[in-house]
1. Mind checking the full-extension length gain between ALA137 and ASP72? Use 0.36 nm per residue of separation minus the Cα-Cα distance, one decimal, nm.
2. Any chance you could get the radius of gyration and Dmax over the Cα atoms of the range 57-138, in Å?
3. Amide H of LYS50: which non-local residues (sequence gap of 5 or more, or other chain) have their own amide H closer than 5 Å, using H built in the peptide plane?
4. Give me the distance in nm between label points sitting 7 Å out from Cα along the Cα-to-Cβ direction at MET9 and ILE110, one decimal.
5. Regarding the chain, what whole-number volume in Å³ per residue does the convex hull of its Cα atoms give?
6. Among LEU21, ALA137, CYS42, which residue has its Cα furthest toward the positive end of the charge dipole of the chain, with +1 on Lys/Arg Cβ and -1 on Asp/Glu Cβ?
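Values in this text are rule-based calculations from the coordinates and carry no lab data. In this text the structure is predicted, and so the values were computed from the model without any measurement. Please note: Cβ atoms are built from the backbone with ideal geometry, for glycine as well, and neighbour counts cover all protein chains shown.
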Amino acid sequence: MSELVATHMCKESNVGYHGNLFGGTMLAWLDEAGVAFAAQVCGSPRMVTKCISEVTFKKPVRPGQIIKIYGDVVKIGTSSITIKLSARRHSVINGSQRSVCDVQMIFVRIDGDGEPVPIQNVKAKWADRREKKEEEARKDMEY
Ligand SMILES: CC(C)(COP(=O)(O)OP(=O)(O)OC[C@H]1O[C@@H](n2cnc3c(N)ncnc32)[C@H](O)[C@@H]1OP(=O)(O)O)[C@@H](O)C(=O)NCCC(=O)NCCS
């Protein structure tokens, strides 16, 4: 179950000559959202980006449009966590969303010397957190 990690509004300063959001800006938003999400799930601020999957920019983003970035955990390894991020263009008029790009990122937990260290007790905590979110979503549906 994916959760909202970040929200951005595209500004005039974020777009290029053709009026579309710069790809590099979108990647920076995804990286920032990903590391923040990874740090929360792993309970450590010392997470670095190791890999980013291939990225396809499916739809343009223009000034004034809102981008919501959703995250989910794909895999928890020894020192690494694989996260799926989905950037969606969000309409404030009717709440509908269109997928702009999806990416998988791997973050590694490091120590003070920059060496990988195990992320501990995360699987159980993540399962707990997911269960709570699913319970909240079920309650919301009931109202
Ligand atoms: C992150 C870093 C410390 C990892 O060092 P490393 O020597 O690759 O460490 P390891 O080989 O032990 O791998 C660490 C984890 O990354 C995973 N990993 C390494 N290379 C990978 C790759 N190409 N693809 C996917 N996962 C990879 C390993 O599987 C391992 O995961 P696990 O512990 O969950 O099994 C090191 O690569 C680094 O400092 N990179 C720069 C990070 C950075 O500055 N990022 C910002 C971008 S500018």
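1. On the way: separation 65, 0.36 × 65 = 23.40 nm, distance 1.53 nm.
Extra length from ALA137 to ASP72 when fully extended: 21.9 nm.
2. Cα radius of gyration and Dmax of the range 57-138 are 16.6, 49 Å respectively.
3. ILE106, PHE107, VAL108
4. My value for the distance between the label points is 3.5 nm.
5. Numbers: hull volume 16.7 nm³, N = 143.
Taking only Cα atoms, the chain has a hull volume of 117 Å³ per residue.
6. LEU21
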